[in-house]
1. Go through 166-178, 50-62 and give me the packing order, highest mean Cβ count within 10 Å leading.
2. How high is the FRET efficiency from residue 136 to residue 116, r the C-beta distance, R0 22 Å, rounded to 0.05?
3. With a 10 Å radius around each residue's Cβ, average the other Cβ atoms per peptide and rank 102-113, 135-146, highest first.
4. Considering every Cα-Cα pair within region 43-156, what fraction, in whole percent, is farther apart than 17 Å?
5. Quick one: what does P(r) look like for region 91-198 with 10 Å bins over all Cα pairs, in whole %?
C-alpha cells in the first residue's frame with residue numbers, strides 16, 4: 001500500500017469521526033431544545049395573584065382622621081391644603097408637625113394625639129407615617145401630571161374624606177394604571193411609567 005493511499009484512509013477516518021461528532025452535537029442540541037420546549041408546554045401558565053382590596057396597613061403613629069379634616073361634616077379642607085405641591089411636583093408632601101400645629105395650637109390642643117404631634121415638633125422630628133399607597137421603586141409616578149390631566153384625588157386614593165382610618169382602596173398595580181391610561185387616551189407604553197434599563 002502506498003503512502004498516498006494511507007493518507008487518504010487516515011483523512012477519511014478523520015473526516016468520518018469529525019462528521020459523527022458534529023452531527024451528534026447538532027442532534028443533541030436539537031434534542032435538548034425539543035426537550036426544553038416539551039417541558040415548557042407541560043408547565044401550567046403563571047398564576048396571576050388577585051389583589052385584595054381594601055388593604056390595611058400598620059397603625060399610624062398618631063390617630064388621624066381624614067374625615068374630620070377633609071370631610072363635609074368636618075373641616076372640609078381640600079387635599080392640597082395639607083398635601084402641598086401635589087399640583088406642581090411629583091410627590092404630594094406630607095405636612096410637618098409644625099404645619100399641623102398651625103391649627104392645633106388652639107384646636108384640640110390638649111388631645112393626647114396632638115401631644116404626640118407637639119412633641120415631634122419640639123424635637124424637630126418628622127412623624128413616621130405609615131405609607132398607605134405605594135408604587136414599586138421601578139415605577140415613575142408624578143402627582144402633578146395626573147392633577148393637570150384632570151384626575152381628582154379620589155380616583156387613585158378612594159373616598160379619603162369619608163375615612164377615619166385609611167386603607168388602600170384603589171389598586172396601584174400596573175393593570176389598573178394601564179387601563180386608566182388607555183381609557184383616557186394617555187400614553188400607555190412601558191417608558192411612560194418605567195425607566196427603561198433600570
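Where a number appears in this text, it was derived from the coordinates with a stated rule and is not lab data. In this text the structure is predicted, and so the values were computed from the model without any measurement. Here the Cβ positions follow ideal geometry from the backbone for every residue, glycine too, while neighbour counts run over all protein chains shown.
1. Packing order, densest peptide first, comes out as 166-178, 50-62.
2. 0.10
3. The packing order, highest mean first, is 135-146, 102-113.
4. 67 percent
5. 11, 34, 28, 18, 8, 0
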